[in-house]
Every structure is written in C-alpha cells, then in structure tokens.
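Bear in mind that the values in this text are calculations on the coordinates, not laboratory data. These figures come from a predicted structure and were not determined experimentally. Heads up, the Cβs are rebuilt from the backbone with ideal geometry, glycines too, and the neighbour counts pull from every protein chain shown.
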Amino acid sequence: MFLVIAGFLSVQVLSSSRRSAGSYLVNRVIRIVPMYWIFTLLAFVVQNYGMSNNSHNFLELVMSLVFIPYGPYPVLYPTWTLTLIVEFSIIAAICRAISIHATAVLSAAVTVGLVILGMMFEATQPALKMYTHPMLLDFALGALLYELRIGSRLEGRLRTQFIVGIVLVSICAVLLLFRQFAWPETPRFLAAGLPAGGLLLGVMLLERAGFCLSAESVQRFAKCSFAIYLCHWFWNICVEKAVTIADNSMISVLLLILTPLVVSAAAILVFRYLEKPISETLAGLHYRLPHYDRRSGN
C-alpha cells in the first residue's frame with residue numbers, strides 16, 4: 001500500500017502544479033535527505049556502539065546515505081523502500097520534463113520497462129537488483145490510478161461510487177490481511193500490489209462520494225508519517241530487547257499496545273522540532289536563490 005500511494009502522490013504533485021521537474025526534485029531532497037541522513041547516522045551509532053550483534057562499516061554507511069544498495073538492507077533497516085521511492089521520484093521528474101500531460105503514463109511505462117529488463121537479464125548485483133525490483137510495479141500502478149482519477153472514468157452516481165468503493169475496500173483489505181496465511185507463494189504483485197491498488201481505488205471512489213477525513217487534526221498527524229517511518233525502528237529494537245529480558249507474555253502484550261502510542265508521540269515531536277524547522281529553513285534558502293521564481297515554481 002505504501003508503494004502504491006507513493007507512486008500516486010509523486011505523479012499527483014508533478015501533474016497538478018506548475019512546479020518544474022527540477023524544482024520538484026529539489027523539494028524532494030529537502031523533504032527526504034536531511035532527515036534520512038540524521039536518522040541513518042543515529043542508527044549507525046546505535047548499531048556499532050550499542051548492539052553487539054549488528055554493526056556496519058564506513059563504506060556501508062556511505063552507500064546507505066547515497067541510496068546505493070550493497071546487500072540486503074541499508075544501515076537504517078526500514079528505509080530500504082526509500083531507495084525505490086527516490087528512484088521513482090527521479091523517473092517521474094524526467095518524464096515530467098519530457099511531457100507535462102503524459103507524466104503518469106510515461107512514468108509507469110519506464111518503471112515497467114526496468115522491471116522487465118531486470119527479469120530478462122536476471123540482475124544479481126545488489127544495486128541493479130534493487131533498481132529493477134518487481135516492487136516497482138506498485139509505483140506504476142499508483143501512477144496509473146492517478147491518471148484514472150484525473151480523467152472522467154470515475155464519474156457516476158454517488159450511490160454507485162459509494163457501493164463500489166465499500167466493496168473494493170472490503171475485498172482488497174481481506175486479500176491483503178490474509179495473503180501471508182492463505183496464498184504466501186503467489187507472486188507479490190498479484191497478491192499484494194493489485195489488492196493495494198484496489199484498496200486505493202476504493203478509497204478514491206469513497207472520496208468522490210463525499211466520504212473522507214478532512215479534520216485538521218488528521219491532516220496535521222498525516223504530516224508526521226515520514227517521522228514515523230524513520231523513528232519507529234529505534235523503539236522496536238528497545239521492545240525486542242525488553243521482551244527478551246522479561247520473558248513475560250503480559251509485558252509483551254503491554255509493549256505491543258504501547259508501541260503505536262509511543263511511536264506516534266515521538267514522531268509528532270520529531271516533526272515539530274526537527275523535520276519542520278529543517279525543511280522550512282532549507283526551503284527558504286532555496287526560494288531566495290536568484291534563479292528561483294516563487295510564483296511559477298521554476
């Protein structure tokens with residue numbers, strides 16, 4: 001679901017604004033790189049000096065910082081998906097520079113082409129294997145769903161949109177939840193990518209029918225999603241250590257209940273006092289550069 005939404009939002013930002021491809025990439029760098037570097041360096045320190053069974057060398061740190069896969073996972077384990085997000089952002093920006101009106105379709109086509117090349121030549125080198133990974137198909141699906149959204153193909157009666165949306169959300173949510181238990185051997189795109197796309201399509205239909213969460217508190221919390229993505233690993237390793245030491249099922253259940261609360265609270269603080277000030281400062285510096293036209297975003 002995460003990757004499908006990332007593909008959808010990438011082409012949405014590029015297609016629905018006057019922002020140039022170059023300005024889009026600069027804003028992506030401002031949004032992603034500083035926070036990613038901070039938490040990757042923190043994870044490097046924690047793993048090398050606070051964990052006896054997990055460490056990384058300096059080369060692995062540098063490769064992680066520049067989004068070059070060197071093996072199974074980067075220094076900050078959960079951010080392996082960020083490599084794919086950065087890759088698709090670059091693809092989408094290039095396609096935006098080629099054609100404003102065909103950004104979504106071109107991005108999807110290039111992404112599918114990379115996956116096909118990876119399958120044809122059976123890439124084994126870690127970087128090439130990741131850059132042509134079949135999970136890129138999820139981004140292509142998200143991009144095509146945006147193309148569907150901006151067209152007239154979703155128009156219809158509100159009641160029909162509501163019913164179809166509810167059915168899609170229900171069926172696809174069940175497919176995703178039971179995938180691991182019922183059909184674990186099914187190719188990932190069929191078992192996870194397509195149901196995730198169907199879930200997103202169902203939500204889009206419900207939104208068109210007037211059912212959406214627009215409360216300011218929800219919008220504010222949604223801005224903390226990147227902070228959640230970056231900082232939840234640190235709480236997870238503390239929980240794993242505590243559960244191992246305690247060896248008590250009640251403590252495990254309590255920590256499981258506390259996890260979303262602690263991680264969410266930490267993410268809100270990280271966003272407010274670290275991510276937001278850094279992003280605003282760097283964006284302000286970028287806007288003041290002489291080549292930048294704030295009115296046109298170029």
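Here are a few things to note about the model shown:
- Unit Cα scatterers, Debye sum, segment 37-179: log10 I(q)/I(0) for q = 0.14 Å⁻¹: -0.86
- The share of C-alpha pairs in segment 155-211 whose separation exceeds 14 Å stands at 52 percent.
- For a label point 7 Å along the Cα-to-beta-carbon line of Ser252, residues of segment 165-197 with backbone N under 20 Å: 181
- With Rh defined as the Kirkwood radius, the inverse of the mean 1/r over Cα pairs, the Rg/Rh of segment 1-97 is 1.05.
- For the chain, a Gaussian network of Cα nodes joined below 10 Å ranks Val115, Val239, Val11 by mean-square fluctuation, and the top entry is Val239.
- Positive-pole candidate from Val45, Phe121, Ser279, dipole of the chain, charges at beta carbon: Ser279
- A convex hull fitted around the alpha carbon atoms of segment 213-298 yields 119 Å³ per residue.
- Helix-only CD estimate at 222 nm, as mean residue ellipticity for the chain, using -39500 (n - 2.57) per DSSP H run (n ≥ 4): -24000 deg cm²/dmol
- For segment 248-258, 3J(HN,Hα) per residue [Karplus equation, 6.51 cos²θ - 1.76 cosθ + 1.60, θ = phi - 60°, Hz, x = Gly/Pro]: 9, 5, 5, 5, 4, 5, 4, 5, 5, 5, 6
- Highest mean packing first, where packing is the average number of other Cβ atoms within 10 Å per residue, the peptides 89-97, 183-191 line up as 89-97, 183-191.
- Ordering of 224-230, 159-165 by burial proxy (mean other Cβ atoms within 10 Å per residue, highest first): 224-230, 159-165
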